[in-house]
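Below is one structure, written out as structure tokens, with a few remarks after it.
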Amino acid sequence: MNKRLTVIFVLFALILPAALMAADGGLFDLKNVDVGNISEGEPAEFEVELRNITGSPLNINKVDTSCGCTIANAPKGPIAPGETARIHVTIDTRGKMGDISKELKLFTSGGRDPHVLTLKGRIEHFGDSLPDPSVIFQGECASCHVGDNIEQKQGAVLYNSVCFICHKNGLGGSSKASGDIDKIIAAGIPGTSMPGFSKEAGGPLSSEQLKALSTYVMSIYYPDR
Ligand code: HEC
Ligand code: HEC
């Protein structure tokens, strides 16, 4: 097994509770954290310190991270007014490229709306090897990125189970994409986190599914081509 280096960064929040308390009546003093440059392929760990800027004790009941590649643990028990809580975050950086942004939603005793903490960073690569975006089809990653009964899905249902997760704003914005859509879907876009979905590329889709998906994508997103 590879030796995985783990770097722990301790990010101390600036102590501005009074100023921020006045700002918008939030729960904690920190909303955005720049985690800097992290290397692809290694789990990156961070400690994020958040100060309770309300006048009452807060319990963090749950932390939601949308992608299973990010795990966040909050301390148990109440955080007194003015005190800080340390959230431990681990990001599995496999298959990622370039700028990343991960939202953590902290559900607390302070109300129905979660406190949203956005972590931003940049993925660095060492050596000549490009990341392998097909990791999302393997292990526990596949539970969300592939899902059940994949071989029975077609068209819009198939698109919604495997594509929408990364393409919430539709398709068409890529500057790196070239060539035909069939090829992009089957082989991915090298040097990006767009994986190839063909069996040859490590993906879950048959050639019939690839063809049908490409027809669907063309009709929805590229009707003029
Ligand atoms: C609980 C469901 C779930 C699991 C498990 C999961 N993901 Fe995700 N993944 C998502 C969702 C939702 C998004 C889109 C929102 C986001 O980026 O957080 C996403 C986005 C991504 C992206 C594109 C955005 C980025 O971060 O670059 C990559 C790459 C990714 N996941 C890799 C992985 C890997 C690797 C694993 C396994 C270690 C994994 N995912 C496990 C739900 C999941
Ligand atoms: C893990 C995230 C991820 C998943 C899952 C994913 N894509 Fe992508 N896709 C990307 C990224 C990132 C790019 C843009 C690459 C760039 O230009 O930097 C992209 C680009 C594309 C492009 C080029 C045009 C554009 O909109 O930028 C097409 C077409 C595309 N994807 C289709 C699909 C289809 C169809 C699926 C499902 C079979 C899919 N993608 C699933 C991440 C993903």
Practice item. Run down the lysines and flag those whose C-alpha is under 23 Å from the C-alpha of K153, throwing out any fewer than 8 positions away in its chain. Key: K168, K183, K199, K211
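Equivalent ellipsoid semi-axes for the chain, as square roots of 5 times the alpha carbon gyration tensor eigenvalues: give them largest first, rounded to whole Å.
Values: eigenvalues 294, 79, 51 Å².
Calculated on Cα positions only, the semi-axes equal 38, 20, 16 Å.
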Exercise for review: Assuming R0 = 45 Å, can you tell me the calculated FRET efficiency for the pair K62 and F126, based on Cβ-Cβ distance, to the nearest 0.05?
Suggested key: 0.80
Exercise for review: Would you tally the net charge around Y222, using a Cβ to Cβ cut-off of less than 13 Å, leaving Y222 out, and scoring K and R as +1, D and E as -1?
Suggested key: -2
Exercise for review: Pick out which of N37, N169, N73 has the largest mean-square fluctuation in a Gaussian network model of the chain, springs linking Cα atoms closer than 10 Å.
Suggested key: N169
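Around V89, what is the net charge, scoring Lys/Arg as +1 and Asp/Glu as -1 over all other residues with Cβ under 15 Å from its Cβ?
Working: positive: K31, K62, R86, K96, K102, K105, K120; negative: D34, E42, E45, E47, E49, D64, D92, E103.
Its environment carries a net charge of -1.
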Study note, to complete from the structure: Correct response: the longest run of the chain lacking exposed chymotrypsin sites (Phe, Trp or Tyr not before Pro), defined by DSSP loop and at most 13 other Cβ within 10 Å, is 13-125
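Where a number appears in this text, it was derived from the coordinates with a stated rule and is not lab data. Just so you know, these numbers come straight off a predicted model, no measurement behind them. When we count neighbours, we look across all protein chains shown, and the Cβ atoms used for this are built from the backbone with ideal geometry, even at glycine.
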